[in-house]
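Everything below concerns the one structure shown next.
FYI, it's all coordinate maths here, none of it is from the lab. Quantities reported herein were computed from a predicted structural model and do not represent experimental measurements. When we count neighbours, we look across all protein chains shown, and the Cβ atoms used for this are built from the backbone with ideal geometry, even at glycine.
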Amino acid sequence: MRHKKVSRRFSRTSSHRMAMMRNLAISLIEHEIIKTTVEKAKELRRFLEPLITKSKTDNLHSRRVVMSKLNSKDAVRKLFSSLGPRFNDTKGGYLRIIKAGFRAGDRADICFIEFTHRVIETEVKDENLDNNSIESNLNTKPEAKEKPAAEEKPVAEEKPAAEEKPVAEEKPVAEEKPVAEEKPLAEEKPAKKQATKKKTPVGKKETEKPVVKKPTTKKKSTTKDKPKENWWSRFFK
């Protein structure tokens, strides 16, 4: 039974758990806000807040203690140079947890963890907030830069006109040859008489004679049908 044991194991070994907390702390010191699960954020708060308290007193011993926990020179340098003096007047409560719903894959609780006194990267100076300076910035439009005038290109010298070539003399027209006399056409042969068909008058139409089918008569059999013999009769002949 694990009575009076508050620590979270995260299904990891002690060395793996310590490395995870160290990486989360270094990322939070570098970016000042990170996104993780709620349980990891609560455990990170227990791990990092004592180190921030230790960074308020900048001496060699406190630097060595924090260095043994984080094992990162850049994180220790930022912690003692900027974060420690920033929280010099506050006594505890250096981190804030903001819940941000559930993760899509396994529906785990997600949250943002950040420093309570976090410096925003884009700071606005007081000089830019004066009403006169704002109105002057709105009224003044950026002047369009004048483009340098293009240099005039030198005019090309006119070439002398080509001399006209002498026109070639016309050749004399060849004499026309006498036209040959036309030969008399051969006499047309009389066309053969075509066989003329008898034409039917327009009013009368050709009537086809109906074909009469002759009735077919069955030939009578000359021989009378013989009575069928009994099967037993061949034994009694």
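Which one of these does S68 not meet: (1) surrounded by fewer than 16 Cβ atoms within 10 Å (Cβ to Cβ); (2) in contact (Cβ under 8 Å) with a residue 60 or more places away in the chain? Condition not satisfied by S68: (2). Among the residues of the stretch 48-65, those identified as in a helix (DSSP H, G or I) and surrounded by 17 or more Cβ atoms within 10 Å (Cβ to Cβ) are L48, L51, I52, K54, S62, R63.
Among all positions in the stretch 92-106, there is no residue which is touching a Lys or Arg at 6+ places or on another chain (Cβ under 8 Å), of a type in the set (D, E) and either closer than 22 Å to R9 by Cβ or touching a residue at least 60 places away in the same chain (Cβ under 8 Å) (or both). Of the residues making up the stretch 68-125, those that are among the hydroxyl-bearing types (S, T, Y) and out of contact with any strand residue (DSSP E or B) (no Cβ under 9 Å at 6 or more places or on another chain) are S68, S72, S81, S82, T90, T122. So for the stretch 16-32 (the condition being surrounded by 13 or more Cβ atoms within 10 Å (Cβ to Cβ), of a type in the set (S, T, Y) and outside any helix (DSSP H, G or I)), does at least one residue qualify? No, the stretch 16-32 has no match at all.
Search the stretch 91-116 for residues being within 11 Å of I33 (Cβ to Cβ) and charged (D, E, K, R), and hand back the single one that is surrounded by the fewest Cβ atoms within 10 Å (Cβ to Cβ). Residue satisfying both the conditions and the ranking: R96.
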